[in-house]
Amino acid sequence: MASGLVTDDAGVGRLVRIRSTVMHMLRDRGYLVVEHELAMTRRDFERKYGESFHREDLLINKCKKNDPNDQIYVFFPNDEKVGMKHIKKYVEMMNAEKVSRAVVVVQQNLTPFAKSFLQELEPKIHLEVFQDAEMLINIKEHVLVPEHQVLTNDEKKTLLERYTLKETQLPRIQITDPIARYYGLKRGQVVKIIRPSETAGRYVTYRYVV
């Protein structure tokens, strides 16, 4: 699949599932995703992109529900190996559109040089990298994954004041945790975790992102 042209049945099926996970992830992060995008079937997908297409055709651009200027891109590189030339091209596009955040869905992984370049771009440009294999299944829908809610700065402040806590006294969640990556969490944020409880109905805990 070096050319990025997807023609085989299995390849199309994989990308239908991957795109679905991406759309649900964007909605869960607060981006404006309409219902028919979430419910897109294989037939809908082929009607939109054709029976053969390039991965790059799946490009997604969304804005936050409450802020049209807060946008994100999702890129699907054609090439199996993604290096500096790909990242530079995406950064140019993002700068031109004044977009500072993007997700890159790769077939394998980034080259070491590309990984280093991503770190140099922070904090002005934030690119998150997911592999195809990570996006085939939506981890949020797993039965063992409880509900997560990201607190706003005001909600975080209220929580800490109510319990007279410093944020560092809260239990921690690593920024590399799969669920933290799904929500695109940043260091310093606090996430509310809601688990079902046989006695209380639900059990709430909070985690500080490190």
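Quick notes on this one:
- Within the stretch 78-87, the residues that satisfy the criterion of being buried (at least 17 other Cβ atoms within 10 Å of the Cβ) and outside any strand (DSSP E or B) are Asn78, Asp79, His86, Ile87.
- Where Gln119 falls short, out of the listed (1) touching a Gly at 6+ places or on another chain (Cβ under 7 Å); (2) of a type outside the set (D, E, K, R); (3) at pLDDT below 95: (1)
- The helices (runs of 4 or more DSSP H) found entirely in the stretch 1-75 that carry 1 or more residues being touching a Lys or Arg at 6+ places or on another chain (Cβ under 8 Å) and surrounded by 13 or more Cβ atoms within 10 Å (Cβ to Cβ) are 9-28, 42-49.
- Contacts under 7 angstrom Cβ, first residue in the stretch 19-44 being closer than 20 Å to Lys64 by Cβ and in contact (Cβ under 8 Å) with a residue 24 or more places away in the chain, partner among the polar types (S, T, N, Q) and outside any helix (DSSP H, G or I), 6 or more apart: Thr21/Asn138; His24/Asn138
- Of the helices (runs of 4 or more DSSP H) lying entirely inside the stretch 96-210, those containing at least 3 residues that are surrounded by fewer than 17 Cβ atoms within 10 Å (Cβ to Cβ) and either of a type in the set (Asp, Glu) or in contact with a Ser or Thr (Cβ under 8 Å, 6 or more places away or on another chain) (or both) are 153-162.
- Test: Tyr90 is part of a helix (DSSP H, G or I) and without any contact (Cβ under 8 Å) to a residue 60 or more places away in the chain: yes
The values are calculated or read from the model by the stated rules, or taken from the named source; none is laboratory data. Computed from a predicted structure; not experimentally measured. Neighbour counts are summed over all protein chains in view; Cβ atoms, including those assigned to glycine, are modelled from backbone coordinates with ideal geometry.
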